[in-house]
Amino acid sequence: MTSELPIQKLRREYDSKVMSCATTEDLPILGGIIGQDRAVKALKFGLDIKERGFNIYVAGYPGTGRKTAVMGFLEEVAKTKPVPSDWCYVNNFSNTYEPKAIRLPPGKGKVFQKDMKDFIDGSRKGLQKVFESEDYASKRESTIAAVEAERRKLFDELNKKAQEQGFVIQTSPMGLIMVPVIKGQPLSDEEFDSLTPKMKDEIHKRRDTLGADLRTAIRQLRQLGGKADESLVKLNRDVGLYTIETLDSELSQKYKEFPDVLVYVDAVRDNILENLDQFIRDPKAAAAQQLPFQPQWLGELPFRKYEVNVIVDNSDLKGAPVISERNPTYPNLLGRIEKEAQFGILTTDFTMIRGGSLHKANGGFIVLTIEELFSNAFSYDSLKRALTNEKINIEEVGERLGYITTKGLRPESIPLDVKVILIGDPFVYQQIYSIDTQFKELFKVKSEFDTSMNRTDENVLKYASFICTFCTKESIRHLDASGVAKIVEYGSRLADDQEKLSTRFSEVADILREACFYATQDNSPNITGAHVKKAIEEKVYRSNMIQEKIHEMIERRVILIETEGEAVGQVNGLFVMGFGDFSFGSPSKVTASIGLGSEGVIDIQREAKLGGPIHTKGVMILSGYLSEKFAQDKPLTLSASLTFEQSYGMVEGDSASSTELYSILSALSGVPIKQNFAVTGSVNQKGEVQAIGGVNEKLEGFFEVCKAKGLNGKHSALIPDSNVQNLMLKEEIVDAVRIGKFHIYSAKTIDEGIEILTGVKAGKRQSDGTFEEGTINYKIDKRLREMAERLKEFSETATKKRDEKE
């Protein structure tokens, strides 16, 4: 019979005396990510390679510190990278619907914005002053007077010719007209009508003769009018250009290294000269002309087109940007074009273009959570499009999809140079990779975060350094050696492995915060092992109400669980129940009933559609085991039904398959199983007991039941031998085992397990094919042979009766 497990194998404790310091305060601050060598190597590769498509997908489960670690790593890397350019949008004076993008060195965007504001303000003041000056008024009058003199001269010459022909030239709303004159007096229409036909004909002839000269004169007068306007425009342009020339030259000189800026400044200068009326208007007079309901900013609206819209300002950066977008909606990611209401109408212009996270991260890094990206419509597809095209387009979602056809802004696209780091679940990665062909082309680097690391002396020291770093960062009390020891043990418990430490640092951090709370209550200068232990216990207590209710029902015999005596075909199985934040183990009675038949092993859970596929597979394996071991010289003729008693929900997993097999073997052999045992473990067709999950929770759950009923020194549990390395049991169980109140056994095979559970030798097959007499396997083989003979006799008798009846 296999011996009981020694207490050294139940929990791997950490000797606090090994610590080379009194508290974690004496340890160095952690300089990087621990326990994630593979992930860090992939991260470094993904960040250093410049080729297209080598963006990074960080695969890891929540709580492993994946995002915190990535952000910390990126911030260190970003310090060594150059600061990227600023980006501005300015008005496109040739097509206002397509604003121009201007790239400037970091910090120059705001400077350029201010310089343009000063340039416009200076131009307004200078132009208003010049055009209100006496010198300008004198030049304007001279220009007008010269044209007027030509006009008068032309009019006088025309009037002289008209008088010679008996007419006088007069002006009317219709223009210049010729009025006949007789005896020095212009004729009215009535007087002209009273003339004789002969005189009328003569006047018409003279008018026709003079008409050509009149038309020529009218054309020349019109040209003089146009010449006057052109002269005034030229005068105004020359005066305006002279006025802003100094400001324009200074601005152009300052930005002579930026061709786009020079082109823009020239366009601004030309637009100012074309719209001088806006600049020479007195602001106070314009404000007085406004209607009472008009807003004050309306007077400044014509000058908005000269503003500079800085959408990316990197003046405060000390390296490449690292942007973490927590809400990656389409506008937050790729930018948006805002609108404002003016007199009940929504309007927009280039000054209302707003950059998104991709603009801010351009030239650096952006971190996105895949779940958040998927939860926002159009964000993922738009991100892929931007990475594929290597440029950012700011446009309305409806317009991109073709739902909106109204005319709107189409800002010039901005080149995109960014490293995208997606953080998500490994399962999501597998799904996207198999479904989305673009994903594998854009995210070629996978950085996978592990949930555990090896528990070596070196890693334990790093674990302690992590604790030091966390305590310093969070400004909480440091841990003494006993506290570090308990955290190390807790790390192994989270990993469910004596040889591993959990890298789910968020859970470790929560225990540290809670332990600090209890240390503060005790006025302790440091967090001790007792405080850590209390934090772990209190965390469990806040969530284990259902577990206690189940234990109460077992104690009150509402749920029937036997922990004493012996029974045939009955054994206590162990299963794990999970409720989100808390999982616990609990026993369940597994029973088997045997009868004549050829149905084999019947799984009642499956028949009732309460068994999952893995559980069904585990039960079917039992038939394979029985056939190989006992059906080599006879048919396996039995009908065995299995069930979890008082189970009303879905049963899944194969961790109880060995338990079910033990109950069948007991029922077949007639040898009772000790009810003070609880069993867990899966089995294969060769009779090897295999490892299962949740072994610590299962053992602790059964222990709590036995403790509630009263520990009698006989209560025991049987686990797979391959699960011994996973044991990190509560100290209470270890103490109970130490004083002989509780026992834990392990088994490698079904034969070993049945011997422990019954106290009877399993029995090996002898050279003649039989088993040792008196052993369990001998009794089973004998029972199966008898059942086969009885079934044969029954079949022959039934056949004989049927033949006689026929």
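Taking all protein chains into account, the per residue accessible area for region 520-573 stands at 59 Å² (1.4 Å probe). All C-alpha to C-alpha distances of the chain, sorted into 20 Å bins beginning at zero, yield P(r) values of 12, 25, 23, 16, 10, 7, 5, 2, 0 percent in whole numbers. Remark: C-alpha extents of region 538-635 on the principal axes read 59, 32, 23 Å, sorted largest to smallest. Determine the equivalent ellipsoid of region 110-154 by diagonalising the alpha-carbon gyration tensor, then write out the semi-axes as square roots of 5 times the eigenvalues, largest first, rounded to whole Å. Result for region 110-154: semi-axes of 38, 11, 4 Å. Take every DSSP beta bridge whose two residues both sit in the chain; close to 60 percent of them are antiparallel.
Modelled this way, with points 7 Å down the Cα-to-C-beta line, the labels at Asp510 and Ala530 are 2.6 nm from one another. Accessible surface of His743, taken over heavy atoms with a 1.4 Å probe and every protein chain present, rounds to 30 Å². Only protein heavy atoms count here; on that basis, with a 1.4 Å probe, Lys617 has an accessible area of about 130 Å². For Arg765 and Asp581, the FRET efficiency from 1/(1 + (r/R0)^6), where r spans their Cβ atoms and R0 equals 45 Å, is about 0.35. Which value, in Å² rounded to 10, gives the accessible area of Tyr14 with a 1.4 Å probe and all protein chains present? Tyr14 has an accessible surface of roughly 40 Å² with all protein chains in place. Dividing the convex hull volume of the alpha-carbon atoms in region 694-772 by its residue count gives 107 Å³ per residue.
Shown here: region 291-397, whose C-alpha atoms stretch 53, 34, 24 Å along the first, second and third principal axes, sorted largest to smallest.
Note on Glu448 and Glu789: the model spin-label points, each 7 Å out from Cα along the C-beta direction, lie 5.8 nm apart.
Carbon-plus-sulfur fraction of the accessible area of the chain, 1.4 Å probe, in percent? Could the numbers behind the result be given before it?
On the way: 20870 of 41370 Å².
Of all accessible area on the chain, carbon and sulfur atoms account for 50 percent.
Is the C-alpha gyration tensor of region 1-65 telling us rounded, prolate or oblate? Criteria: a/c under 1.5 is rounded; beyond that, a/b larger than b/c is prolate, otherwise oblate. Oblate is the answer for region 1-65, as a/c is 1.5 or above yet b/c matches or exceeds a/b.
Could you tell me which of rounded, prolate or oblate describes region 300-355, using a ≥ b ≥ c as the square roots of the eigenvalues of the alpha-carbon gyration tensor, with rounded for a/c under 1.5 and, failing that, prolate when a/b is larger than b/c and oblate otherwise? Oblate is the answer for region 300-355, as a/c is 1.5 or above yet b/c matches or exceeds a/b.
Rounded to the nearest 10 degrees, the angle from helix 259-274 to the longest Cα principal axis of the chain is 40 degrees.
Solvent-free Debye calculation, one equal scatterer per alpha-carbon of region 661-806: log10 I(q)/I(0) at 0.10, 0.13, 0.14, 0.22 Å⁻¹ equals -0.47, -0.68, -0.75, -1.32. Once the Cα atoms are used to define both axes, helix 379-389 deviates from the longest principal axis of the chain by about 70 degrees.
Relative to the dominant Cα principal axis of the chain, helix 505-521 is inclined by about 80°.
Please work out how much length the chain gains when fully extended from Asp118 to Thr196, using 0.36 nm per residue of separation minus the C-alpha to C-alpha distance, in nm with one decimal.
20.4 nm is the gain from fully extending Asp118 to Thr196.
The packing ranking of peptides 65-75, 652-662, highest mean first, is 652-662, 65-75, where packing means the average number of other beta carbon atoms within 10 angstrom of each residue.
For region 343-460, what does the alpha-carbon gyration tensor say about shape, rounded, prolate or oblate, given a ≥ b ≥ c as the root eigenvalues, a/c under 1.5 as rounded, and a/b over b/c as prolate? Cα axes put region 343-460 in the prolate bin. The Rg/Rh ratio for region 654-729 is 0.99, where Rg is the radius of gyration of the alpha carbons and Rh is the Kirkwood radius. What the Cβ-Cβ distance of Lys609 and Phe517 gives, at R0 = 56 Å and to the nearest 0.05, is a FRET efficiency of 0.75. Once the C-beta distance of Ser133 and Ser94 is scaled by a Förster radius of 41 Å, the resulting FRET efficiency is 0.80 to the nearest 0.05. Here each label is just a point 7 Å from Cα along the line to Cβ, and for Glu399 and Phe45 those points are 4.2 nm apart.
Remark: for residue pairs Lys462/Lys539; Lys444/Lys617; Lys79/Lys254; Lys108/Lys129, the C-alpha separation exceeds 28 Å in Lys444/Lys617; Lys79/Lys254; Lys108/Lys129.
The values are calculated or read from the model by the stated rules, or taken from the named source; none is laboratory data. Just so it is clear, the structure is predicted and the values come from calculations on it, not from any experiment. Don't worry about glycine lacking a Cβ; one is built from the backbone with ideal geometry, like all the others, and counts go over all protein chains shown. Note: accessible area is taken over every heavy atom of the protein model, side chains too, but ligands, DNA and RNA are not part of it. Shrake-Rupley method; radii C 1.70, N 1.55, O 1.52, S 1.80 Å.
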